[in-house]
Structure formats: C-alpha cells, structure tokens
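Just below is one structure, and these are the notes that go with it.
The values are calculated or read from the model by the stated rules, or taken from the named source; none is laboratory data. On a predicted model such as this, the values are computed, not experimentally measured, just so you know. With ideal geometry, Cβ positions are generated from the backbone for all residues, glycine too; neighbour counts draw on all protein chains shown. Side chains included, ligands, DNA and RNA excluded: accessible areas come from the protein's heavy atoms. Shrake-Rupley method; radii C 1.70, N 1.55, O 1.52, S 1.80 Å.
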Amino acid sequence: VLKTEIIKINSRNPDISKIKKVSKIIRKGGVVIFPTETVYGIGADALNQDAVKKIFKIKKRPYSSPLIVHIAEFETLHLITKNIPEVLYLLAEKFWPGPLTVILKKKKIVPDIVTASLDTVGVRIPDNKIALSLIKEAKTPIAAPSANIFSYVSATSFQDVIEEFNGKVDIIIDGGDTKFGLESTVLDLTENPAKILRFGSIPKEKLEKYLKLEIPQKIENYKGKSPGLKKIHYSPNAFLILVRDSSPEKIFELMKKYKNKKIGILTYKENIEKYKNFDFKIIGSKKNYRECAKNLYKILREFDREKYEIIIAEGIEEKYLGTTIMDRLKKAAKIIY
Ligand code: TXA
Ligand code: MG
C-alpha cells in the first residue's frame, strides 16, 4: 500500500505551483489520477514503459488493452505519430481540445506497452485545464485509461476515484465532477473510410459533417483490436436489465418477478409519475441527452453504493448522445429486452 497524496485543484483556474508538484511525480515515473472533461484518468509518462506498466497493474487491466495518449498541443502529434491524414487538421480545429480520440500510425518512441504492441496509437487533447497544464508542465505525453478498476464503470467524481484508488497511486487530484461524464469517441483514421471504434461524448452525427464514416458491423470484435468495444464492460455490480423500448408492461412484470430483491429503475424525468410507487433514480430528461450522459455513470455507481441487486434500465432513442448512452447500457446489461 502506497501513501496516496490528495491535492485539490480548481479546474477553472489551476494553481500552477500545485500542477508543478504533480508534474514532477509524472516525470519521476509515478502514477497520477487527474480529471479530464470526460471521466477521470489514471496516468503516467507515456514514453516511460515502467511507469505505464504500473497503470495496468493498478487497474488490473490486461496488457492486450491499449491506452489513450493525452497531449496538450497538436504539434506533439509529430513526435508520436506518422502519416497524419489531412482530415485531422479539420477535425482538430473543430473538436480539440475535446472528447475525440483518433487512432493513427505510431512512431517507435511510443513503447509497445502503451499500444498493446499495435502499430497504431490513440491520441487526444483533453478539454480540461488541469489535464492540459499537467501535460505541459510534465513536458511529456500522458498515457491514461479511465480511472476505474478494469471493467467497472468509469469515474466521474473525486469520490469515485478515492473509493477505488486510495493507497494504490502516488497522487489523486480532486478536480471536481467531470463535464461530460462519458468517455471520448474513438475514431480510427488509419482506415478508409474512418471507423468509429467506440461511441463517446462526440456524437457520430457531428463527425459525419466532416468525413465519411463507417461503424464496424460487428463492433465488438472489429479486428479484435479495440478491446474497449467488447461486451461486459462498464458494468455495475448490480444485475442490470435493459428494457430498450421502456415498455411499462415489461417493466412491471420484471418488478413483480424480482420483488424479493433490492430493485431499482433507472429512468427519465418524464416518467416520474409512472413509477411513483417504485424505487427509481433519474438520469435526466429524455430530451436532454447531454444531461443523461453526464448522470449515467454517477447513477449506476449510486445504485451500487446503496447495494441494489437489480437495476431495470429504460432505453433512450439512439441518436446523438443517445447512441452512446445505449451503447453503455447494452454493455452493462446482463439481459436485454
Ligand atoms: O475519455 C476518455 O477516452 C478517457 C479519458 C481518461 O481520456 N479514457 C478512456 O480510456 O476511456 P480507456 O483506456 O478506458 O479506453 C480507451 C479506448 C479503448 O476502447 C481502447 O481499446 C481504445 O481506446 N484504443 C486505445 N488505443 C487504441 C488503438 N491503438 N487502436 C484501437 N483502439 C484503441
Ligand atoms: Mg475505460
């Protein structure tokens, strides 16, 4: 067990002396938990393989699962990637800093451990002042997966990360709640047409304005190369049942079937009346995808903290961020109706 240092930093106006302190830990090969605009990351110097190895150990993540490299400036792409496609200049202008991860051909300087020995690397510029100034001060790219034990729900608050990682990392930054609450969209630019490997905080409809896209048919085993797409990922401890069309008959039937269990419904503002005699939690309004996305992991973790055994989740329309929300609910679900 490590002595984990905790440091609170204001994400709107980060205190540079605090950032410097954390950046020194990165430079020395330590492991740091920091906020991004999507979810919290657990990071280390991307060019230091021993440091990166610690992340896998701490997260219990298989080495076959590649990490995203976080950079602060577009120019750093030239250090770690090659064959940068023309369209990325346009995408970067539109979406960076922000929740878009692009897969590019990697240069040798990126250790194999970061990329699971693939010849490609995932890169993004996060839109969070703490993350950006940390990368700049560390003067090195930071490899960081989401800060959660492998296969559990990603962390969107300081409370989430402290619960799982106190005593396991060198330092945890308390930077408040993350803005989006869902991970970045992963876009493979080494393929033509480009392919979405993971739905995320940038909806595909937005990307489609700038390039021709394909969504791999069998997104789960797309070349076996993006383990983040595999099923049973991001799942809460509670047994989650997804009712895609929100059919009230189905939900009431399930409530009856499991009446001896601690059971709760994950629903939307519009349905409060419908469930007034049941136990439920609201992730937002069906019309406000952004709100629902932000609350999804938060609410799933709440169900677990309160020891729910079963969650019945209502579906949402699969457009814009609704596609991402449904993607995560499907992955979390043990049964889908
Ligand atoms: O929002 C995010 O992306 C957060 C924050 C911390 O940046 N990070 C995150 O990392 O979600 P992680 O490790 O939980 O998910 C990384 C995803 C996985 O689905 C992984 O398979 C994919 O990115 N990925 C990374 N490098 C790849 C590569 N070279 N080729 C294909 N997929 C890759
Ligand atoms: Mg993850």
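Here is how the numbers come out for the structure above:
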item	result
Extreme residue, farthest from ligand 2 (Cβ to nearest atom), among residues of region 40-67 that are open to solvent by 10 Å² or more (accessible area, probe 1.4 Å) and under 19 Å from ILE173 (Cβ atoms)	ASP45
Members of region 206-227 found to be under 22 Å from LYS331 (Cα atoms), at pLDDT 60 or above and surrounded by 12 or more Cβ atoms within 10 Å (Cβ to Cβ), listed by number	GLU214, ILE215, PRO216
Number of the condition not met by SER117 [criteria: (1) surrounded by fewer than 24 Cβ atoms within 10 Å (Cβ to Cβ); (2) within 25 Å of PRO203 (Cβ to Cβ)]	(2)
Qualifying residues in region 183-210 (those that are in a strand (DSSP E or B) and more than 16 Å from ligand 2 (Cβ to nearest atom)) - the one nearest to LYS82 (Cα to Cα)	ASP188
Filter pass, THR115 being more than 16 Å from ligand 2 (Cβ to nearest atom) and closer than 22 Å to VAL52 by Cβ	no
Selection count where residues are open to solvent by less than 10 Å² (accessible area, probe 1.4 Å) and either basic (Lys, Arg) or at negative phi (or both), scope region 20-38	12
Pairs where the first residue, in region 75-104, is more than 13 Å from VAL123 (Cα to Cα) and the second is open to solvent by 30 Å² or more (accessible area, probe 1.4 Å) and outside any loop (DSSP other than H, G, I, E, B), C-beta under 6 Å, 6+ apart	ASN83/LYS105
Residues (near ligand 1 (Cβ under 10 Å from one of its atoms) and of a type in the set (Lys, Arg)) located in region 149-206	LYS195, ARG198
Any chance LYS136 is outside any helix (DSSP H, G or I), open to solvent by 10 Å² or more (accessible area, probe 1.4 Å) and at pLDDT 95 or above	no
